[in-house]
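Q: The structure under discussion is supplied below as structure tokens; questions concerning it will follow.
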Amino acid sequence: MSNTDNPNSLECNIAAFNERKEELESAHSGKWVIFHDGQLIGIFDSLQAAAEEAVQRFGRGPYLIRQVGAPTDVVLPASVAYHLVDAAS
């Protein structure tokens, strides 16, 4: 089984986002979304709100938080990820 077939994998969540990308960009550009188990969980106005919800519901993940319409080749430094986890504590 490939990682895109496993609903708990990050790759599956990325594939699910990409499948809905056009729809999300037309209706929710600039918003933040959470994908978990290959499903859209929620749409949020800020990264902070999305991160708090994701950590509260799913702990350490895996889940995908992505800004709709933002470039997908941006890599966030690890300090950002650690800050978001700490902020929800």
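The values are calculated or read from the model by the stated rules, or taken from the named source; none is laboratory data. The model shown is predicted, which means the values in this text are computed figures rather than measured ones. Quick reminder, even Gly has a Cβ in these numbers, built from the backbone with ideal geometry, and neighbours come from all protein chains shown.
Q: Identify, please: which residue in the stretch 37-65 is on the phi < 0 side of the Ramachandran plot and assigned to a loop (DSSP other than H, G, I, E, B) and is, among those, surrounded by the most Cβ atoms within 10 Å (Cβ to Cβ)?
A: Among those that are on the phi < 0 side of the Ramachandran plot and assigned to a loop (DSSP other than H, G, I, E, B), it is 63.
Q: Moving to a separate point now. In the set 34, 14, which member is modelled with pLDDT of 70 or more and part of a strand (DSSP E or B)?
A: Step by step, each of 34, 14 is checked, and only 34 is modelled with pLDDT of 70 or more and part of a strand (DSSP E or B).
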